[in-house]
Amino acid sequence: MQKCDHCNTPFSWSKIYKFFVWTYKPIECNNCGTEHRITILGRLSFVLCTIVPALIFLNFLSPFDNFILTFFIGIFILLGGSLLTPFFVKYKGVV
């Protein structure tokens, strides 16, 4: 899990998830107030954990003839991947 670059205070899973899911907002450390912004590698890891597995499933691995069932399983894969991304996303402190 990501820690503050300045004081090594760990960020909570919920704080990271809340700040990057829709807008990639900067995270502020609760202890020292340092602002942390998501890195390019962090954005790439978000895409690799969520969108890429869902697209691979929808386009290549879909065993179902029913489009609606395939679509909902793809959405489930997307949501499952997004729940794992706070463990892989990297933030860098802004001075």
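The values are calculated or read from the model by the stated rules, or taken from the named source; none is laboratory data. Quick caveat: nothing in here was measured; it's all calculated off a predicted structure. All Cβ positions, glycine included, derive from the backbone under ideal geometry; neighbour counts span all protein chains shown. Side chains included, ligands, DNA and RNA excluded: accessible areas come from the protein's heavy atoms. Shrake-Rupley method; radii C 1.70, N 1.55, O 1.52, S 1.80 Å.
Restricting the first member to the stretch 72-85 and to residues that are on the phi < 0 side of the Ramachandran plot and of a type outside the set (Val, Ile, Thr), and the second to residues that are surrounded by 12 or more Cβ atoms within 10 Å (Cβ to Cβ) and not in a helix (DSSP H, G or I), the beta-carbon pairs closer than 6 Å and six or more apart or on different chains are Leu78/Thr50; Gly81/Thr50; Ser82/Thr50. Of the residues contained in the stretch 33-48, one or more are found to be touching a His at 6+ places or on another chain (Cβ under 6 Å) and either among the aliphatic types (A, V, I, L, M) or modelled with pLDDT of 85 or more (or both).
If you go through the stretch 22-39 and keep only what is among the β-branched types (Val, Ile, Thr), under 9 Å from Tyr91 (Cα atoms) and open to solvent by 40 Å² or more (accessible area, probe 1.4 Å), you end up with nothing.
Tell me, yes or no, whether the stretch 6-21 has at least one residue that is in contact with a Pro (Cβ under 9 Å, 6 or more places away or on another chain), open to solvent by 50 Å² or more (accessible area, probe 1.4 Å), of a type in the set (A, V, I, L, M, F, W, C) and assigned to a helix (DSSP H, G or I). Checked the stretch 6-21: at least one residue is in contact with a Pro (Cβ under 9 Å, 6 or more places away or on another chain), open to solvent by 50 Å² or more (accessible area, probe 1.4 Å), of a type in the set (A, V, I, L, M, F, W, C) and assigned to a helix (DSSP H, G or I).
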